[in-house]
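Following: one structure in structure tokens, then a few remarks.
Each reported figure results from applying straightforward, stated rules to the coordinates on display, with no laboratory input. All of these numbers come straight from a predicted model, not from anything done at the bench. Backbone-built Cβ (ideal geometry, glycine too); neighbour counts: all protein chains shown.
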Amino acid sequence: MSRRDLIILVVLIAFAIAFPYMGVPRYLLTSALVMFCFATVVTQWNLVFGVAGIFSLGQLAIFAIGAYTTAVMGRYLDMNVWYTFPIAGLAGVGLSLLVGLATLRMKGVYVALLTIAIAQMMFVLIQTDTACSELNRIINPQTCISFTGGSQGLGDFGSFGWREVLGGRDAVRGDYYTMLGLLVVGVLVSFFIINSRIGLGFKALRDNPELAASRGISQFKYQLIVFGVSAFLTAVAGSFYAAKFKAVGPGILGFDLLLLLIAMLVVGGLGRAWGPLLGALVITIFREGVDNIMTEGLQWRDVIFGGIVAAVMIFMPEGLTGTLDRLWNYILIKLGFAKARSSTVTAVAQDKKAND
Amino acid sequence: MNFFLQIIVSGLTLGAMYSLSAVGLSLVWGSFNMLNMAHGAIMTLGAYFVIIWFDSMGMTLWLAAPFALICAAIAGVILYFISAHWMLTKRAFDTNIMIATIGISIALQTGLLKAFGGEPYAQPLSLRSYSFMVNDVPVSYQRLVIWATALILMVGVGIFLSRTNFGRAVRATAQNRDAAQLMGVRVRRVYVAVLALASVLAAVSGIMLSSMKELMPLMGGEPLLKAFIVIILAGLGNVTGALYAAILVGLLEAAVQVLVGAQYGFPAILIFVILVLIWKPAGLFGRRTVARQ
């Protein structure tokens, strides 16, 4: 983590901590905390997709496992949601390791197709789950709710409990800081992995797989570590999401959420530490803007997002951070502060040359 | 025995529909490593074009269907020029174009949703309500139409690929792009044509699909996913393999649906495919070299 990154991070965190006291309306706090939640998922997804280069689209399945673990444990075992978070995380790790093992020998788009199919299978299984569950009969004998709640989803499993501690007015601040804490952990983990042996190992594996393997860098090991670490926080983000909204349904496996997260990921820039954060911020601001401008904008929103994702991939595949990085280096060189040695720009240029 | 017959009837129908969309996908991937996530949206678009020409423009069905296919081909050409055309020479083409087409696909589907609303339409091009009996198992004429269409189109694509000059150019490009280019094949023209052909196949499969069920803006998602499963099972880019795999998957899905329960069809084929891939990572009929860089 360079000094520049550290300074930016501290400033951002300070701003985020002060944000609820700047007299902003409450709905903005809610959008901000939803953004923190998705940004956590995207930072972890970036580790798998951008850093390790595994084209997995199964991140939402892990998110959903986390959310449903919290819902099921809170509802049927009457557990406090705070205790369910580590369990949800471990459930996510379990699923992710299974997926990781199944896709280990595959390449690129094979992984993408298989992981998207796994997420879709979960969606179908939950959606078609209609058999009345005995566990729900115990809670309320009058109703017929299936174990996963089917297409209606599950509720009644508790929440963070800030309403009791802080009172109804300030509860949203509690939720806000909880999500912020999660995001900070996610960002730190992401920076740590990118700059650690693991990040370097993946870089080596990408640049020259044979040499890296002959130097003892085990793709198997590193891939499983990244799958495990990123899955834990993704699943916890899922269960935080469930705890915040006090309900969970199969909609979280839907294509619109997938599109939203992909948009954050690619607009920010794949494989870069700041990419997911910048992407999440830009997309959230944009989303709020669209919703405010167009009253019936809900459906057009996805048309616009789809167009943005396509346009970014076609014309700016390095995303905003990549482009900004280039611009920053260009300015530094022009002003005479740096020689043309900057790692990212030359690495990308070399990469391009090698591929052409 | 009736069970068995029922599985064959519905399995072959599913297989025929999967093969139509899977062969198109496989052809596109084989030619230039483009995994077209917008294929499902084009299926839906093709089916809606029949409605547009028939209902809104007042054409007869016999005219509306060919017009819909022409429109689908144009959609394929447009898709090429808004996405692949710009990205072919850039790095990480296969992953980038996949994400780009996810975006295009969702934009197209939500656009359709906005234009036609969420409620289902009945596909006018359907013989679903007429059927005959084989051993007490009803077989609708629509199934016969689907089998015949799939058979004719598959044979047609086969002849096109193996006998015509253009088909040879497509296969040459798929085998070795640079060599084909050196032999005077205009590879970009091949790409456009392949995408147009695949879109026509997608539209046919969309029309068939909506003739068995109903027409909805988001109906393309599930068959697209199954077509993907079919082509991974076959090995990406293997067109004949995709045909066999489609029938295999259709029969398997029908068997599970009839014997175990309708909602387990998809999970069952998915688990089957994962097991096959752990055993043979390049698919049933795939070669290791298929995953080119």
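Here are some notes:
- The fewest-to-most ranking of B:Ile52, A:Ile262, B:Ile152 by surrounding Cβ atoms within 10 Å reads B:Ile152, B:Ile52, A:Ile262.
- In chain B, helices alone account for a calculated mean residue ellipticity at 222 nm of -23500 deg cm²/dmol, with every DSSP H run of four or more residues adding -39,500 (n - 2.57).
- Stokes-Einstein D in µm²/s, Kirkwood radius over Cα pairs - chain B at 25 °C with 0.890 mPa s viscosity: 126
- 0 to 90° range, to nearest 10: angle between helix A:319-335 axis and chain A longest Cα axis: 30
- Region B:18-33 and region A:1-22 have Cα centres separated by 48 Å.
- Approximating the spin labels as points 7 Å out from Cα along Cα→Cβ, the A:Phe192-to-A:Gln152 distance works out to 4.3 nm.
- Screening chain B for DSSP H helices whose Cα atoms reach 27 Å or more along their own axis and whose mean Kyte hydropathy is at least 0.5 gives B:2-32, B:93-116, B:141-163, B:187-212, B:239-259.
- Fully extending the segment from A:Leu104 to A:Ile293, taken as 0.36 nm per residue of separation minus the present Cα-Cα distance, adds 63.5 nm.
- Degrees separating the helix A:255-268 axis from the principal Cα axis of chain A, which is the longest one: 30
- Estimated FRET transfer efficiency when R0 is 51 angstrom, pair A:Phe15-B:Asn2 (beta carbons, to 0.05): 0.15
- Shielding by other protein chains, B:79-90, mean Cβ within 10 Å: 2
- Isolated Cys residues of chain A, judged by Cβ distance under 4.7 Å to other cysteines: A:Cys37
- A simple spin-label model places the labels of A:Asn208 and B:Arg189 4.3 nm from each other, with each point 7 Å out along Cα-to-Cβ.
- A:Asp170/B:Glu222 FRET efficiency (R0 56 Å; Cβ-Cβ; nearest 0.05): 0.80
- Between A:Ile331 and A:Ile285, residue separation times 0.36 nm minus the direct Cα-Cα distance comes to 13.8 nm.
- Surface/4 estimate of mean projected area, convex hull on alpha-carbon atoms of the protein assembly as shown, nm²: 32.7
- Candidates B:Asn36, B:Asn96, B:Asn165, ranked by Gaussian network fluctuation over chain B, Cα under 10 Å, top entry: B:Asn165
- Residue order, fewest to most beta carbons within 10 Å, for B:Cys71, A:Cys37, A:Cys132: A:Cys132, B:Cys71, A:Cys37
- Rounded to 10°, Cα long-axis angle of helix A:275-293 versus longest principal axis of chain A: 60
- In chain A, the DSSP-assigned H stretches of four residues or longer account for a calculated mean residue ellipticity at 222 nm of -24500 deg cm²/dmol, using -39500 (n - 2.57) per stretch and the full residue count as denominator.
- Trypsin sites (Lys or Arg not before Pro), loop per DSSP, at most 12 other Cβ atoms within 10 Å - longest free stretch of chain A: A:1-168
- Between A:Leu97 and A:Gln127, the contour length at 0.36 nm per residue exceeds the Cα-Cα span by 8.4 nm.
- Distance from the alpha carbon centroid of region A:143-204 to that of region B:78-124 works out to 32 angstrom.
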